[in-house]
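The values are calculated or read from the model by the stated rules, or taken from the named source; none is laboratory data. If you're wondering where the values come from, they're calculated on a predicted model, not measured in any experiment. In this analysis, Cβ positions are derived from the backbone assuming ideal geometry, glycine residues included, and neighbour counts consider all displayed protein chains. All accessible areas refer to the heavy atoms of the entire protein, side chains included, with ligands and DNA or RNA removed. Shrake-Rupley method; radii C 1.70, N 1.55, O 1.52, S 1.80 Å.
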Amino acid sequence: SVSSHKRDHHHINADAANSTHHDNKKPKSCKDDKEDDKRRDYWLYPNIQVRIISKKLAKGQYYKRKAIVRKVIDKYAARVEVLESSYKARDGGDVLEIDQDDLETVIPKEVGEKVRILNGTFRGRKARVVKLKKDKYRADLRISDG
């Protein structure tokens, strides 16, 4: 069973998108070179909340279910613990090994929530949501750790 304090934490990629491809690399003269150099094609991080997006895994049994990353395996896969589907469901606790392509980040619902930056210069840093731009899958964050 997952302790209740873990359920209150949502995590978001700094750009909130799970894009793992760089098909549209910017020319070397762009300002964003430094940030671009820091981006990785992996984004998994221990103890973040994710959503399972594989319809094929266990015949869709876990599709759209939330889970906590318990261990990152070789950067691109994770051992996750599936969360209960509702407060009273008691259907959580399954542990799965799953590829990051079958997962997505969980976007915070409210300003003030704690997040972990998953890509770019500040990867791994904790932050708080200052402004949500849900329609653009973006958020303004304030770094909260040292």
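Tell me the carbon and sulfur percent of the accessible area for the range 51-116, rounded to whole percent, probe radius 1.4 Å. If you can, show how the numbers build up before the last one.
On the way: 1880 of 4070 Å².
Ligands and nucleic acids excluded, carbon and sulfur give 46 percent.
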Here are some pairs, K71/K133; K64/K131; K59/K134; K59/K109; K88/K109; which of them have Cα atoms lying more than 27 Å apart in this structure? K71/K133; K59/K134; K59/K109
Highest first, please rank the peptides 85-93, 71-79 by the mean number of other Cβ atoms sitting within 10 Å of their residues. 71-79, 85-93
So how far apart, in nm, are the two label points at D37 and L57 if each is 7 Å from Cα heading toward Cβ? 3.5 nm
About the Cα centre of the range 41-80, how large is the charge dipole given +1 on each Lys and Arg Cβ and -1 on each Asp and Glu Cβ? Please answer in debye to the nearest 20. 300 debye
